[in-house]
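Quick note: the coordinates plus some simple rules give every number you see, no bench work behind them. In this text the structure is predicted, and so the values were computed from the model without any measurement. Please note: Cβ atoms are built from the backbone with ideal geometry, for glycine as well, and neighbour counts cover all protein chains shown.
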There are 2 protein chains.
Amino acid sequence: MRGMSVWAVDGIGEVGPGDDLVALISEALERSGDVLVDGDVLVVASKIVSKAEGRLVAAENREQAITEEARRVVASRPRADGGVTRIVETRHGFVMAAAGVDASNVPEGHVLLLPVDPDASAAALARGLRERTGVRLGVVVTDTFGRPWRSAQTDLAIGAAYVKAVDDHRGDVDAHGRELTVSVTALVDEIASAADLVKSKVGGTPVAVVRGLDVLLDEPGPGVASLVRCAESDMFRLGSDEAFEEGHAAGMRMADLLADDARETRR
Amino acid sequence: MRGMSVWAVDGIGEVGPGDDLVALISEALERSGDVLVDGDVLVVASKIVSKAEGRLVAAENREQAITEEARRVVASRPRADGGVTRIVETRHGFVMAAAGVDASNVPEGHVLLLPVDPDASAAALARGLRERTGVRLGVVVTDTFGRPWRSAQTDLAIGAAYVKAVDDHRGDVDAHGRELTVSVTALVDEIASAADLVKSKVGGTPVAVVRGLDVLLDEPGPGVASLVRCAESDMFRLGSDEAFEEGHAAGMRMADLLADDARETRR
């Protein structure tokens, strides 16, 4: 096929703890008259994966749940409503607002946490759907991320299986024999964004099919975990205010030490 | 149409200064047998827009060109090859590596700069194509961006016209009457990412057509400029090392001032 087509799968309905997503998705596809083919990628919102995996938990408040889900706070800022927006690193290594903890579309007094291991969730879903349909397909699990420097959010991948996470052009040269500047494409993130366009079009449907990217299908693979950059090597491992404050404290200690040294010398 | 389809337009060929992109793209579409329809969005790599607009400039070295294109340095870091990677804010307000200055696929001794006003470029292209084809279409101009916290790059929009930049759900409530957490979708960035999947599939073709997003077509609109967050209000306006250093210097000055005050008091 030329290019790709992407469409949302209607009729998934509400998902609850223990629900069989393979069955729910297969049945919705059948009702829609959709037949999956080799090379299709199924894009699934983390929300229904979390619900099926029982990640809806009772929580006094969302803030406490965020604290528990966060490995560390990257940046924070007071909001107009009196609360504090926290950008945190999750247990998975994702840096996102509120640790991906969702309080919308869940019962009062509850919050929805991200899947414990979204790559494993994607792999289980892919294997189940492959068994049921006999089709060689990939799965991408998505969530919504803000980003620095640009307002508004985009969907990115938080889990993936049987689809290449990246397209690596490192070492490729251009027509003039020079190495390409941009070298690694985050395929699964681009797939997540593409699917969001059709999922929002029909009002937040949680599942979409991407057809035409057969060349990207792969072994189960290292998944989205392979895209996570470790904090130590990241130029933005801390918010600017937080890093300034750390520097400020270190600068004051340094000046005090220098002053002590100077006094010692004078004695 | 259900969902969307996205495909790359073949046969654009090399683009040079002063070339008429409207004619080049229209002719490539005709040769491919593609007929644009109302609601189509044309996604165009900034590279050919820059080339047509004469933004290929002689440059002793890429570093000098980056310095000239940068409004300020956001973060920098030494590279293994002895150079320095600079994340800068461009004249447009985009935060990106190397100010988007491209030295690949350009003649030796030259670099390619971003379009001066990519929203205006998108608008001119859209108007030209609308006149020539009689079709109500939108245009998105794209470039490739790295991002903090995740390795690999994705395509984002740097210019847009006649297509909604964002889908704003602020104030919408969920089934339980609670306001939605995620509220503004960066549509043009998701369109850029979707198009990149098919453009890379056929080896870096610079133009793709997105069909099926008719609902997103709009007045010329404020374009991608409306997505740029001003540095002052950004939690990551400076790299962590840079912010730490600023804080460190401020902390040392503060300690010195306090020491001076203490000496004054003792006198």
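For the pair A:Arg79/A:Arg91, report the inter-label distance in nm, with labels modelled 7 Å from Cα in the Cβ direction.
Distance between label points: 2.3 nm.
Using just the helices of chain A, give the 222 nm mean residue ellipticity in deg cm²/dmol: DSSP H runs with n ≥ 4 each add -39,500 (n - 2.57), and the total is spread over all residues, rounded to 500. Provide the component values of the computation, followed by the final result.
Numbers: 6 runs with 85 residues, N = 267.
Result for chain A, helices only: -10500 deg cm²/dmol.
When Cβ neighbours within 10 Å are restricted to other protein chains, what is their mean count per residue of peptide A:67-77?
Numbers: counts 0, 0, 0, 0, 0, 0, 0, 5, 4, 1, 2.
Mean partner-chain Cβ count within 10 Å for A:67-77: 1.
Report, to the nearest 10°, how far helix A:118-133 tilts away from the longest principal axis of the Cα atoms in chain A, using its own Cα long axis and a range of 0 to 90°.
For A:118-133 against chain A, the angle is about 10 degrees.
Counting only other chains, what is the mean number of Cβ atoms within 10 angstrom of the Cβ of each residue in peptide A:194-206?
Values: counts 11, 4, 7, 14, 7, 2, 7, 9, 2, 0, 4, 0, 0.
Mean partner shielding for this stretch: 5.
Given B:Ser240, B:Leu129, B:Leu29, which one lies farthest toward the positive end of the charge dipole of chain B, if we put +1 on the Cβ of every Lys and Arg and -1 on the Cβ of every Asp and Glu?
B:Ser240
Counting Lys and Arg as +1 and Asp and Glu as -1, each charge on the Cβ, what is the dipole of the protein assembly as shown about the Cα centre in debye, to the nearest 20? Numbers along the way, then the final one.
On the way: 60 positive and 88 negative charges, 75 e Å.
Dipole magnitude for the protein assembly as shown comes out near 360 debye.
Hey, how many Å between the Cα centroid of segment A:206-267 and the Cα centroid of segment B:93-168?
Each part's Cα centre sits 29 Å from the other's.
Putting +1 on Lys and Arg Cβ atoms and -1 on Asp and Glu Cβ atoms, find which of B:Val41, B:Val57, B:Ile87 reaches farthest to the positive end of the dipole of segment B:1-104.
B:Ile87
Just to compare against my own numbers: the Cα pair-distance distribution for chain B, 10 Å bins, whole % per bin, please.
Spelled out bin by bin, chain B gives 6, 25, 30, 20, 10, 5, 3, 1, 0 percent.
Considering only B:Ala243, B:Ala52, B:Ala161, give the residue with the highest GNM mean-square fluctuation for chain B, with springs between Cα atoms whenever their separation is below 10 Å.
B:Ala243
For B:Asn105, what residues show an amide H to amide H distance below 5 Å, using hydrogens built from the backbone and excluding near sequence neighbours?
Those lying under 5 Å, H to H, from B:Asn105 are A:Asp174, A:Ala175, A:His176, A:Arg178.
Placing a label point 7 Å from Cα toward Cβ, how far apart in nm is B:Gly83 from its equivalents in the other copies, listed shortest first to one decimal?
Its label point is 4.4 nm from the equivalent points in the other copies.
Please give the direction-averaged projected area of the C-alpha convex hull for the protein assembly as shown, in square nanometres with one decimal. Each step should come with its number before you reach the end.
Values: hull surface 116.0 nm².
Mean shadow area of the hull around the Cα atoms is 29.0 nm².
So the label point goes 7 Å from the Cα of B:Ala249 along Cα→C-beta, right? Which residues of segment B:47-91 then have their backbone N under 17 Å from it?
Residues B:72-77 fall inside that zone.
Net charge around A:Pro222, counting only other residues with Cβ within less than 11 Å of its Cβ (Lys, Arg = +1; Asp, Glu = -1)? Spell out each step's value before the answer.
Values: positive: A:Lys164; negative: A:Asp119, A:Asp218, A:Glu219.
Charge balance in the 11 Å sphere: -2.
Working out 0.36 nm times the residue gap between A:Val215 and A:Ala58, then minus their Cα-Cα distance, what length gain in nm do you get to one decimal?
Working: separation 157, 0.36 × 157 = 56.52 nm, distance 4.27 nm.
Extending this stretch completely gives an extra 52.3 nm.
In whole angstrom, how long is each semi-axis of the equivalent ellipsoid of segment B:1-144, when you take the square root of 5 times every eigenvalue of its Cα gyration tensor and sort them from largest down?
On the way: eigenvalues 206, 53, 37 Å².
In descending order, the three semi-axes are 32, 16, 14 Å.
Show me, for segment A:83-90, the HN-Hα J-couplings you get by feeding each phi into the Karplus relation (A = 6.51, B = -1.76, C = 1.60, θ = phi - 60°), rounded to Hz, glycine and proline as x.
x, 10, 7, 10, 8, 10, 9, 7
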